[in-house]
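The next block holds one structure in the form of structure tokens; read it before the comments.
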Amino acid sequence: MYVVDWTDFFFTDLFQSLAQLENLCKQLYETTDTTTRLQAEKALVEFTNSPDCLSKCQLLLERGSSSYSQLLAATCLTKLVSRTNNPLPLEQRIDIRNYVLNYLATRPKLATFVTQALIQLYARITKLGWFDCQKDDYVFRNAITDVTRFLQADTTHPLTKHRKIASSFRDSSLFDIFTLSCNLLKQASGKNLNLNDESQHGLLMQLLKLTHNCLNFDFIGTSTDESSDDLCTVQIPTSWRSAFLDSSTLQLFFDLYHSIPPSFSPLVLSCLVQIASVRRSLFNNAERAKFLSHLVDGVKRILENPQSLSDPNNYHEFCRLLARLKSNYQLGELVKVENYPEVIRLIANFTVTSLQHWEFAPNSVHYLLSLWQRLAASVPYVKATEPHMLETYTPEVTKAYITSRLESVHIILRDGLEDPLEDTGLVQQQLDQLSTIGRCEYEKTCALLVQLFDQSAQSYQELLQSASASPMDIAVQEGRLTWLVYIIGAVIGGRVSFASTDEQDAMDGELVCRVLQLMNLTDSRLAQAGNEKLELAMLSFFEQFRKIYIGDQVQKSSKLYRRLSEVLGLNDETMVLSVFIGKIITNLKYWGRCEPITSKTLQLLNDLSIGYSSVRKLVKLSAVQFMLNNHTSEHFSFLGINNQSNLTDMRCRTTFYTALGRLLMVDLGEDEDQYEQFMLPLTAAFEAVAQMFSTNSFNEQEAKRTLVGLVRDLRGIAFAFNAKTSFMMLFEWIYPSYMPILQRAIELWYHDPACTTPVLKLMAELVHNRSQRLQFDVSSPNGILLFRETSKMITMYGNRILTLGEVPKDQVYALKLKGISICFSMLKAALSGSYVNFGVFRLYGDDALDNALQTFIKLLLSIPHSDLLDYPKLSQSYYSLLEVLTQDHMNFIASLEPHVIMYILSSISEGLTALDTMVCTGCCSCLDHIVTYLFKQLSRSTKKRTTPLTQESDRFLHIMQQHPEMIQQMLSTVLNIIIFEDCRNQWSMSRPLLGLILLNEKYFSDLRNSIVNSQPPEKQQAMHLCFENLMEGIERNLLTKNRDRFTQNLSAFRREVNDSMKNSTYGVNSNDMMS
């Protein structure tokens, strides 16, 4: 009889499945066929979710023949140990940790990416298990011992928990790691390492990275963005003082810089940048002066031997180091350093040379300009008697920047190089820095600018008059003048940073006169030709000029106006404003097809229309009256609809009409005739669209363009009309005559966001009770009628957008979520506007409110939870709407189906831990309203003499009793945030907490015991007392007086708990709290 050997069968089957997995890995990482790769990815995702994933991962590591299968195993194991729901048992995680260490030790020739994945797995297990105990031993904290064995062997969850782990790791292990790395670097610097040997080269590189990571550690949990360079202070713990008081630590890195090959130098300099940035309070004054002296000596030594700085990475890091000299130390401290005069001379020479070589490492210039900006800004405040010598060197830096930019123009045009003027963001950043530098010794800056400007302007004028001038020569002069106009605007804007004198205002006048004369010249040629970059520079200049010399705060006796009067005949601010308006109209006339110039011109007009005094002077100008009476495409081409640009390019129209709306309101009052006259072009546009909609066949593109332009115009006017009288004129003009056209547009083009977004945004603006402008008479039904239109639009858009079906992930926001977000904002504005009594809808059988709310629910359920928090605008509109609903329409929330209520509660639970404080605060408010409602209904149900609960309330209570875990989880989350996180909205968090406690007293008692018992024995009594004090004097009600008492108790509780836990090496296990 033949007997089946099941063992052989099992292993044959297992090895076949391993071979299949290896084949899938190769298909995923190596194939160029997209379909094959997607199928492989899908199969591997199923594998990672399978029950036998753990055992197969070990077999893949043991028997896998390819590096890709080993990578898959390491990645899968990392996901398994990171699971928050159904986590792996402690013993299993210890086994995986030990296995990974042995695997790394016995397989030195693994592919680099496999080694990295396994190290990441080891780090993840260590981090997530930092507080896990086995027989009173923190089993995952012996990382240094484990790693040290490797070094000796071969010398050639939620945010709360992560923060606690990081803090404990910082206090117990990080300094030891830093000391170990420094000691190993000292050993390395004392040996003749063979850096051509790949293993020794790699070891030194990783050692430097380790040291840098120690210094770059987020010591106090504030660095949310690791890529940011703005945090210039490294919050080194006080326990590290000894390492920084010992000058050999600083000297080690300067010595390493000079002794090891340039390929390592950027990392060494990065370490020095961090060391130079240690917090000031780590030292007393004498210690800081000594430390700074050593630091400056090291910088001086690098400047005296600059050979390695020819490497762009070295150069960049060294520029960062120089910037930190001033960001972390005062000028008064720097001038007292022994070698300061020599060092500032070397830094100035280095800066001048760097600026002159503008094509080399352009991204590093920011740090050099930052240093000189901070130095120049400190000059008025320095009290030291030692000379700072900046009056000598700052003008050299200013001159080097200006002349180097001008000299670059010819080379860029000749060689076809990338023009820095194309990157307006970078140019603006550098000009902001130059504005302060140039104001130091301003007389020299002005003299230089006047000289250079006169030379270029004269050459430019001669070239324009010459029949034989080459286009290249004209382009060079235009490029030079572009830079000069930008720089003049910047130094005028720099006036705000310094106490200005009459002489400096007169110098500003000299510069302004020259730019305005150039503008007259270029504007006269616009019919033939224009230069876009020069026009953008002019607009930048006008913006700076407006900020400093136009407005309510400016002294009109300024010497600048006297100079303008002498040279150009501009006697006062009104005449200067006429120049502004003239330029704005000229730009809109000739540059209407150029979006960058049009948008910046309109932004300038918008800014001018905001000032109280300037807007009243503007209205008196004939040019402004011309705009108010002739805002048509005939005069302003950007208002036309026949151009080939996208519908989204019409955004600037809103800015234009916002400014016009403000100008119109100055003298409008109750003059309906003037209003009707102003609205004539828009009335004609609406009538044109209505005419098209009334026919069966019409030009759809023309209709879209006309409508989109029109609603963008109207939104600008609606935004500007923030007074009741003017807004009522707009409302009566648009309703009821033109509202059906907007509804029809949504019905026709719901699938095209370029059309629906402007229409929905207009409606959201119309229902927004900004500055209490929506106040209807007591006999007027307009509030209800306006809400009916709102409900109709939301319902129509919502029902149709849900018919789109599956939308690709990369298009889901543009096609669907953006429109939904605006609908949420619209509904929120209408519900919270206080101009509708919503009780009348049900009373009179009007379904407008129900339709809007039911559509909201349908739209909400079509959005995955993750999307609610992934898209910030959607988050804010959803949670602000939910806050209004839970506050004023809780009966509607209570009437919802159980799965909808659980969805909403889940969204609140997730929002409590959101990074956006507004979202988190909104969730606290929502939760407070829900908990208060629940508590009131429960209290009513226990009283004998009361009206019976409504069906909705009774059902809601039943659902909550069926699913107590949701409310309990939120109680844990809120308490966890208050105790362990940097809770920035503690007051908001405290409001729902009392209700949560009163609804879950037994659970709160268990939670409290769990937290107390997790403390070391000697701290348990103190923690128990903290909780006793929290509830002291608190009654079982949610009256305002009781809530306020609880909020005060909570503040004291948080302080006491933090003080109690500061010196404790123990911590509360978040998993225990959340279970």
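The values are calculated or read from the model by the stated rules, or taken from the named source; none is laboratory data. Predicted model only: the values in this text are computed from it and were never measured. Using ideal geometry, Cβ is built from the backbone for each residue, glycine included, and neighbour counts are taken over all protein chains shown. Remember, those area values only see protein heavy atoms, side chains included, never the ligands or the DNA or RNA. Shrake-Rupley method; radii C 1.70, N 1.55, O 1.52, S 1.80 Å.
Some notes on this structure:
- Given the choices [x] 95, 87, 72; [y] 150, 73, 61; [z] 106, 87, 74, Cα extents along the principal axes in Å derived from the coordinates of this structure is entry [z].
- When all alpha carbon pairs of region 438-484 are counted in 5 Å bins from zero, the resulting P(r) reads 5, 22, 25, 19, 12, 9, 6, 3, 1 %.
- Cα principal axis extents for region 663-795, largest first, Å: 42, 31, 23
- Whole-angstrom Cα spans of region 865-981 along principal axes, big to small: 46, 29, 21
- Hydrodynamic radius by Kirkwood, which averages 1/r over all alpha carbon pairs of region 693-769, in angstrom: 13.1
- Rounded FRET efficiency, nearest 0.05, which uses the C-beta distance separating D454 from T238 and R0 of 51 Å: 0.30
- Net charge over other residues, Cβ less than 15 angstrom from the Cβ of N722 (K, R count +1; D, E count -1): +4
- Given R0 = 45 Å, the distance between the Cβ atoms of R651 and N313 translates into a calculated FRET efficiency of 0.65.
- Region 745-781-region 794-851 distance, computed between alpha-carbon centres (Å): 12
- What you get for the chain, charging only the Cβ of Lys and Arg (+1) and of Asp and Glu (-1), is a dipole of about 1980 debye around the Cα centre.
- Among 348-361, 880-893, 537-550, sorting by the average number of other beta carbon atoms lying within 10 angstrom of each residue, highest first, gives 537-550, 880-893, 348-361.
- Point-charge dipole on Cβ atoms (K/R +1, D/E -1) for region 430-519, about Cα centre, debye to 20: 200
- Amide H contacts for V278 (H built 1.01 Å from N in the peptide plane; partners 5 or more residues away or on another chain; cut-off under 5 Å): V234.
- Relative packing of 503-515, 828-840, 652-664, 91-103, which averages over residues the other C-beta atoms within 10 Å, highest first: 652-664, 503-515, 828-840, 91-103
- With the charge dipole of the chain set up from +1 on Lys and Arg Cβ and -1 on Asp and Glu Cβ about the Cα centre, the Cα lying farthest toward the positive end among the listed residues S862, L245, V567 is that of L245.
- Across K600/K761; K399/K589; K26/K209, pairs whose alpha-carbon gap is larger than 27 Å: K399/K589; K26/K209
- Reported value for region 404-542: 105 Å³ per residue, from the convex hull of its C-alpha atoms.
- Solvent-accessible surface of the chain, taken per residue with a 1.4 Å probe and all protein chains present: 47 Å².
- A simple packing score, the average count of other Cβ atoms within 10 Å per residue, orders the peptides 632-639, 854-861, 315-322 as 315-322, 854-861, 632-639, with the highest score first.
- Each Lys and Arg Cβ is given +1 and each Asp and Glu Cβ -1; about its Cα centre, region 297-364 then shows a dipole of about 180 debye.
- Cα-based shape type of region 286-437, given that a ≥ b ≥ c are square roots of the gyration tensor eigenvalues and the cut on a/c is 1.5: prolate
- Over 18 Å (Cα to Cα) - which of K56/K127; K191/K300; K191/K290; K326/K383 fall in this group: K56/K127; K191/K300; K191/K290
- Listed residues M472, L827, L375: farthest to the positive end of the dipole of the chain (Cβ charges): L827
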